[in-house]
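Notes follow once the structure below has been shown.
Just so it is clear, none of the values below were taken in a lab; they were calculated from the coordinates. Owing to the predicted nature of the structure, the values given are computational and were not obtained by experimental measurement. Cβ placement follows ideal geometry from the backbone for every residue including glycine, while neighbour counts extend to all protein chains displayed.
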């Protein structure tokens, strides 16, 4: 569709968000991601039946952990949309990008003395 | 096991053996070291009852102990009924307290398992439940009739206890099982029962009929539990929030049907009507009036139901 | 199996904060089955701790490992070569395993990473219920296969109590009344006559009340 979304959003494709593990999300932050969002199918429409529901509860768990370790759970979000909603994806990417900019660089990058270039993993 | 046999000096037992309706009530000890509270409450009811129960850390709220209170009542010349729960004491302490009570001539004991501690003011504590109520009944009987402790020690100066327990026809799973449990208590040695407070007459009637059909009423004296309601709020609370109590909607409606300031009076009327109805039920041998924090109403209830004055018995 | 839950992260952070070289040791046994202290949970804990201490500006070594079990010396012994690289071990095994690590590495500080809860079963993933109190003298034959010590809040042998209502325990409306379950089962089995005979007081010497327990199987020892 050739829609615009911010260049610092790195996309990692998975066959289903049910494949996304708690560890993947935490590792992303360990590696210096300033924000992460998980984009899964609309609830009830998951191609693999419940994958997006597993993703949802894992995202909730990781948000809690991020709050407890001083990173902040609002750096991670779950969104639901259909494969055909290209426009919505771009919108989400812009929304998340802005939110993370407002929050500033991840405390991990700050602690490691990281550079200006930030990243949001999707 | 029968209340007609295994006689003790208990005045309550003598009243039942003489064929009268027995009347008991209860006093709740204070949450402090003030023993005078027991005396004052006892004075309000003493001429209207044959025995005064003292509750044992009821609903797991720590209070001045039942044993000390019963000793005080005994020294006042009254007839205490020692309530004993198994929640807080192991078999050593339970037997020890029974010996202690008996040493003061206390002749009535009510053997209970006890409410779980989560209801009370020390919900973090450990609970004991070394024995349950039925094992406690067996223990008292063994101490009384054989002069023996659970551990085997034998002794001469035996407790002369009239053994009671509670029954709750309204608890789960069903009336048949509650009756089977009563039969089990009878097999263990119980002689009198004080029931949970009654509002559902249909269930009570079913329970008593089953009891009479089995002939249990000749072995175990049933004292029907009566608790007068003060107002609709209390009725609702007991209906919804207290386990094991069945308050039919008609009872609540009856209270709702009178203006608020008349509700206490109506509550007493309901209690009086209940007693009159229960008097006619075969197997009912008396009444246990639990007027919680309303002890001053006990005399009126006893008078209006024709149970005053209390009969005199030998040694009573 | 033994069921446990991971300790609150806050508590673990507090335990290890003054140490620099931390080993997280999970267990492939019971705590894996109840998803409290297996490989996954150990790695998640490692990641969470690294995130915390890094953003706090503290440089710590935080490594993860699991052992087949921590209640057998052969497996705990495998830590021998690496344990001296660390000044503290957080064991995510049950309380027994954690203590065995202490037994074998007497000069090491060992902290528990989970709260060990009970012996129980999996009703569904994530839902575990207690079934056995390890009283040491099993009476299941007398109670239709349902244990009143573990499943009655008052561990009555002559239940139910007067607070049992609509099949639920007086402690909580979510708690099934153990004696209701026993009653239903004995009814199915045609054994309701058991309800009329008093059961004598229990001999608690075989449970923790008798003192610290052990089993000595002479037939298994050389």
Can you give the percent of C-alpha pairs in the protein assembly as shown whose distance is more than 43 Å? 44 percent
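Per residue of B:162-169, count partner chain C-beta atoms within 10 Å of its C-beta, then hand back the mean as an integer. The partial results should precede the final answer.
On the way: counts 0, 0, 0, 0, 2, 1, 6, 1.
Across B:162-169, the average partner-chain Cβ count within 10 Å equals 1.
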What spacing in nm lies between the two simple spin-label points modelled at residue B:273 and residue B:296, each 7 Å away from Cα in the Cβ direction? 2.5 nm
So for the pair residue C:33, residue C:87, with labels modelled 7 Å out along Cα→Cβ, what separation do we get in nm? 3.8 nm
For a quick size check, give me the Cα extents of segment C:2-118 along its three principal axes, largest first, whole Å. 38, 28, 18
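Across the residues of C:149-158, average count of Cβ atoms on other protein chains within 10 Å?
Mean number of neighbouring Cβ atoms from other chains: 5.
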Going from the fewest other Cβ atoms within 10 Å to the most, one would list C:179, C:127, B:294 as C:127, B:294, C:179
Which of A:96, B:229 has the fewest other C-beta atoms within 10 Å, and how do the rest follow up to the most? A:96, B:229
Kirkwood Rh, Cα Rg: Rg to Rh for segment B:232-305? 0.96
Of all DSSP beta bridges having both residues in chain B, the percent classed as antiparallel (nearest 5) is 5 percent
Fraction of alpha-carbon pairs over 20 Å apart in segment B:67-124 - percent: 32 percent
Within segment C:1-30, name every residue whose backbone N is under 18 Å away from a label modeled 7 Å from Cα of residue C:132 along the Cβ vector. C:1-4, C:29-30
Place a point 7 Å from the Cα of residue C:191 in the direction of its beta carbon; the residues of segment C:148-181 whose amide N falls under 12 Å from it are C:148
Nitroxide proxy distance, nm - points 7 Å out along Cα→Cβ at residue A:64 and residue B:103: 5.5 nm
Based on Cα coordinates alone, diagonalise the gyration tensor for chain B, multiply each eigenvalue by 5, take square roots, and list the semi-axes in whole Å, largest first. 29, 22, 21
Rg over Rh, two decimals, chain C (C-alpha only, Kirkwood Rh): 1.08
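Can you tell me the convex hull volume per residue for segment B:110-268, based on C-alpha atoms, in Å³ to the nearest whole number?
Given the Cα convex hull of segment B:110-268, per-residue volume reads 151 Å³.
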Take each of the peptides B:214-226, C:107-119, B:162-174, average the number of other beta-carbon atoms within 10 Å over its residues, and list them starting from the highest. B:162-174, B:214-226, C:107-119
Quick check on segment C:107-148: what does the Kirkwood estimate of hydrodynamic radius come out to from the alpha carbon pairs, in Å? 13.0 Å
Angle between chain B longest axis and helix B:201-213 axis [Cα atoms, degrees, rounded to 10]: 40 degrees
Using Cβ counts within 10 Å as a stand-in for footprinting exposure, how do A:24, B:122 rank, fewest first? B:122, A:24
So how tilted is helix B:36-45 from the main axis of chain B? Cα-based, degrees 0 to 90, rounded to 10. 60 degrees
Limiting things to C-alpha atoms, what are the Rg and the maximum Cα-Cα separation (Dmax) for segment A:11-113, in angstroms? 13.7, 43
Give me a single rounded figure for C:107-119: the average over its residues of other chain Cβ atoms within 10 Å of their Cβ. 0
Angle in degrees between helix C:95-104 and the longest Cα principal axis of chain C, rounded to the nearest 10: 40 degrees
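Fully extended, how many nm does the chain gain between residue B:20 and residue B:261 (0.36 nm per residue separation, minus their Cα-Cα distance)?
83.2 nm
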Mind checking which of A:67, A:102, A:45 has the largest fluctuation in a GNM of chain A, springs on alpha carbons under 10 Å? A:102
Scattering profile of segment C:137-202 at q = 0.26, 0.27 Å⁻¹ [log10 I(q)/I(0), Debye over alpha-carbon scatterers]: -1.22, -1.29
